[in-house]
Structure formats: structure tokens, C-alpha cells
1. Just read off the accessible area of TYR4 with the full protein assembly in place, 1.4 Å probe, to the nearest 10 Å².
2. VAL56's amide H: which non-local residues (gap 5+, or another chain) put their own amide H closer than 5 Å, with H modeled 1.01 Å from N in plane and none for Pro or chain starts?
3. In debye to the nearest 20, how big a dipole does the chain give about its Cα centre with +1 on each Lys and Arg Cβ and -1 on each Asp and Glu Cβ?
4. Considering only protein heavy atoms, what per residue accessible area in square angstrom results for the chain with a 1.4 angstrom probe?
5. Can you list the DSSP H helices in the chain whose Cα atoms extend at least 15 Å along the helix axis and whose mean Kyte-Doolittle hydropathy is -0.5 or higher?
6. Roughly how many Å² of SER13 are accessible to a 1.4 Å probe, to the nearest 10?
7. Using only the alpha carbons of the chain, determine the length spanned along each of the three principal axes and report them from longest to shortest in whole angstroms.
8. Just the accessible area for VAL52, please: 1.4 Å probe, Å², rounded to the nearest 10?
Amino acid sequence: MAGYDTAKALFESIDGKGKVAELQGQLGNDAAAKRHAGFLRALEEYPEIEVVESQVADWSQVLAMNFTE
């Protein structure tokens with residue numbers, strides 16, 4: 001599932017615990033929705049992961065950078 005493998009790799013890289021932020025693509029976009037669903041599915045397997053922020057960046061690197069600064 002889109003987003004699932006990436007989220008699992010991220011969560012494993014921080015030993016299954018800690019804080020993460022999610023940057024989404026464009027609302028209403030099928031690919032973005034599937035990636036978000038995969039992220040949420042992986043998140044269910046890691047109860048010690050806390051999502052501190054979730055923002056829609058509309059596939060924009062500039063918006064994504066602004067959210068993370």
C-alpha cells in the first residue's frame with residue numbers, strides 16, 4: 001500500500017518510538033489519499049509514535065520546507 005512501506009521504514013529508523021510530522025500531497029488527490037491511508041495503517045502498528053503535526057503541502061517543496069522550519 002502506498003505510504004505504508006515508507007512510514008514503516010521511518011518508524012523503524014527511530015526504533016518505533018518518538019515524534020513525527022506528516023506532510024501530505026493535495027487533498028482530494030487519489031495518490032495522496034492512498035499514501036495517507038498507508039501512513040495511518042503503519043502508525044497503528046507503532047503505539048509509541050506520536051504524530052505532532054499533519055499538514056497538506058500540495059506537492060510543493062516550498063510549502064513542505066515552510067512547514068518543517
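The values are calculated or read from the model by the stated rules, or taken from the named source; none is laboratory data. This structure is a prediction, so every number in the text was calculated from the model and none was measured. When we count neighbours, we look across all protein chains shown, and the Cβ atoms used for this are built from the backbone with ideal geometry, even at glycine. The area values use the complete protein model at the heavy-atom level, side chains included, leaving out ligands, DNA and RNA. Shrake-Rupley method; radii C 1.70, N 1.55, O 1.52, S 1.80 Å.
1. Its accessible surface works out to 30 Å², give or take rounding.
2. GLN24
3. The calculated dipole for the chain is roughly 140 debye.
4. Per residue, the chain has 68 Å² of solvent-accessible surface.
5. The answer, listed by residue number, is 30-44.
6. Result for SER13: roughly 80 Å² accessible.
7. Largest to smallest, the principal-axis extents are 29, 28, 15 Å.
8. Estimated to the nearest 10 Å², VAL52 gives 80 Å².
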